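The values are calculated or read from the model by the stated rules, or taken from the named source; none is laboratory data. A quick note: this is a predicted structure, and the numbers were derived from the prediction, not measured. Please note: Cβ atoms are built from the backbone with ideal geometry, for glycine as well, and neighbour counts cover all protein chains shown. To get the accessible areas, we keep the full protein, side chains included, count just its heavy atoms, and leave off ligands, DNA and RNA. Shrake-Rupley method; radii C 1.70, N 1.55, O 1.52, S 1.80 Å.
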Amino acid sequence: MSDKIPTSDAIHVFDRRAVRLHRDRAATTLASVSDVLADVAERLLDRLDDVMRDFSVALDVGGRGVVAPLLRARGIQVVSTDLSPVLAAQAQGVAADEECLPFADASFDLVVANLSLHWVNDLPGALIQLRRVLKPDGLFLASLPALGTLAELRAALTLAEANLTGGAAPRVSPFPDLRDGAALLQRAGFALPVADGDTITLLYAAPFALLRDLRAAGEGNAVRLRDRRIPSAALFPAALAALPTQDGRIPATLRLAMLTGWAPAASQPKPLPRGSAKISLVDALRGDADP
Amino acid sequence: MNASVPVDPRLLEILVCPLTKTALVYDRERDELISTAAGLAYPIRDGIPIMLPEEARKLDEA
């Protein structure tokens, strides 16, 4: 293989065509993994119950058929999007690319992206666009697999491939670090950004079932520099045999970053401008400031 | 094939061209959303707007 690593195009970590294809194909298999997707969506949407306000129109980004019903059950109108026209048709929504959204500014008062932003090349850019389609004081909720997700699989595949070929190709997507979550939101212009971690451990009776589920969810490898050759027949058996077990089952960890941010509005609490304090900090610490 | 399913009018109100973010013109006859700014026509298939630039038809200069 004479694959050069392109420099000008370095930001394109993911092959969006492959992402779309994997999601197109997943249309017939999603039902087998919808319980996992719905579990994550429920955890994410729990946050709505803590918010003392009503939402009328929501954008569901790549919700794969589980997010829209949960929102409608809360009395919210939903517009669903997916990069895959097949999934968009299933959702009676719009086929749209998170990297170039087709919605006018201030169209929604809620945006929900459940496990759908981790195949986006320009995550800060996508977040800015998602913020712009929100009305002032609109809420953005997203769950993202974070660093540590499928760590067992990544380690086992890397080790097995290194043993077989002396090298290793990226076979598990690179995930963002949870610690970067709030900073990403802030950079995209969201107010009151919060990133919480949540962990779900799935236990599989057979290692191939994990790979089958990933494929069924449309989560096949779409890293652009993935090795497109058919791997050695020994690779997956060797890697899967090396996966750690827990009570005879194979654990697969989902490390989730739950992101919450608000479109800025004048009514939101803000820090006071620098230098506007009327009490000296020194006096306050000494305890003799005027009350 | 051309038994076109109508698009939700509320959806048409908020859709813009994904590339230029400008308003679209709904061509009922061809079932397309036309962005004159980008020179592209986005297809509507069975009532589903396909707002993907790679799926759009390039408008001729003529």
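Things worth noting here:
- Taking helices (runs of 4 or more DSSP H) as the structural unit, those lying wholly within the stretch A:174-291 and holding at least 1 residues that are over 25 Å from A:G138 (Cα atoms) correspond to A:207-216, A:235-241, A:281-286.
- A:T253 meets each of the listed conditions (1) farther than 26 Å from A:V19 by Cβ; (2) among the polar types (S, T, N, Q); (3) open to solvent by less than 70 Å² (accessible area, probe 1.4 Å) apart from (1).
- Test: A:A233 is loosely packed, with under 15 Cβ neighbours inside 10 Å and either over 15 Å from the mean Cα position of the chain (by Cα) or at pLDDT below 85 (or both): yes
- The stretch A:86-103, subset free of Cβ contacts under 8 Å to residues at least 24 places away in the same chain and surrounded by fewer than 24 Cβ atoms within 10 Å (Cβ to Cβ), residue nearest to the other protein chains (Cβ to nearest Cβ): A:A89
- Listed by position, the strands (runs of 3 or more DSSP E) contained in chain B that have at least 2 residues being facing another protein chain (nearest Cβ under 10 Å) are B:32-35, B:40-45.
- So A:D82, is it within 14 Å of chain B (Cβ to nearest Cβ), open to solvent by 30 Å² or more (accessible area, probe 1.4 Å) and within 26 Å of A:G220 (Cα to Cα): no
- For the stretch A:104-134, residues that are on the phi > 0 side of the Ramachandran plot and surrounded by 20 or more Cβ atoms within 10 Å (Cβ to Cβ) total 1.
- Only residues that are among the β-branched types (V, I, T) and surrounded by 10 or more Cβ atoms within 10 Å (Cβ to Cβ) were counted in the stretch A:256-291, giving 2.
- Any hit, the stretch A:61-74, residues being buried (at least 16 other Cβ atoms within 10 Å of the Cβ) and over 13 Å from A:N114 (Cα atoms): no
- Taken over the stretch A:42-60, residues that are among the aliphatic types (A, V, I, L, M), surrounded by fewer than 24 Cβ atoms within 10 Å (Cβ to Cβ) and within 14 Å of chain B (Cβ to nearest Cβ) amount to 1.
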